[in-house]
Amino acid sequence: MTAAADPRALMVVALGDRRVAVNGGEVAEIARISMVTPVPCDDPAILGVAVHRGRIVPLVDLRRRLGDGATGLPPFLCLFTRSGGADIGVPIDSVLEFGPPGGSRVPEGVTFVDFSTLAAGDGAAAAH
């Protein structure tokens, strides 16, 4: 699944019981990942790397980053983004919504994630 290029659109995805919104303009693709290669890292939220479309992409465990436990082992659905020139993959459970309804307004009870700072250990901000 490839996202539309509307930078105002939000994509809402499921991570367990949590709903997470991301800037739809940063979503490159949603794809199934079957293998993750662990890499030495002090950050427990870095799952490792995966090869996606010929590129080596770091996978960030957003559940762990948000304090919700850890993502299980692959295979899993993965949201790929290209933000600030860097590719990042995030395991998700499903895509719940995508589109311009509400424009860039984050729905009530949804956590907004800024992918431009996600890999650095920041990036999640609770929405109203």
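The values are calculated or read from the model by the stated rules, or taken from the named source; none is laboratory data. For clarity, every value in this text was computed on a predicted model and none was experimentally measured. Glycine also receives a Cβ, built like all others from the backbone with ideal geometry; neighbour counts cover every protein chain displayed. Calculation scope for accessible area: heavy atoms of the full protein, side chains included, ligands and nucleic acids excluded. Shrake-Rupley method; radii C 1.70, N 1.55, O 1.52, S 1.80 Å.
Computed in the context of the full set of protein chains, the accessible area of the stretch 37-95 at 1.4 Å probe radius has 56% of its extent on carbon or sulfur.
Think of each Lys and Arg Cβ as +1 and each Asp and Glu Cβ as -1; about the Cα centre, that makes the dipole of the stretch 20-90 roughly 180 debye. Between Thr117 and Val39, the contour length at 0.36 nm per residue exceeds the alpha carbon distance by 26.1 nm. In the full protein context, the stretch 1-81 carries 51 Å² of accessible surface per residue, based on a 1.4 Å probe and ignoring ligands, DNA and RNA. Accessible-area rank, largest first, for Phe112, Phe76: Phe112, Phe76, with all protein chains present and a 1.4 angstrom probe. How big is D, in µm² s⁻¹, for the stretch 8-88 by Stokes-Einstein at 4 °C and 1.567 mPa s if Rh is the Kirkwood radius over C-alpha pairs? Approximately 97 µm²/s, per Stokes-Einstein. Heavy-atom accessible area with a 1.4 Å probe sorts Asp42, Asp93, Asp114, Asp87, largest first, into Asp42, Asp93, Asp114, Asp87.
3J(HN,Hα) along the stretch 71-80: 6, x, 7, x, x, 8, 6, 9, 8, 9 Hz, from the Karplus curve 6.51 cos²θ - 1.76 cosθ + 1.60 with θ = phi - 60°, whole Hz, x for Gly and Pro.
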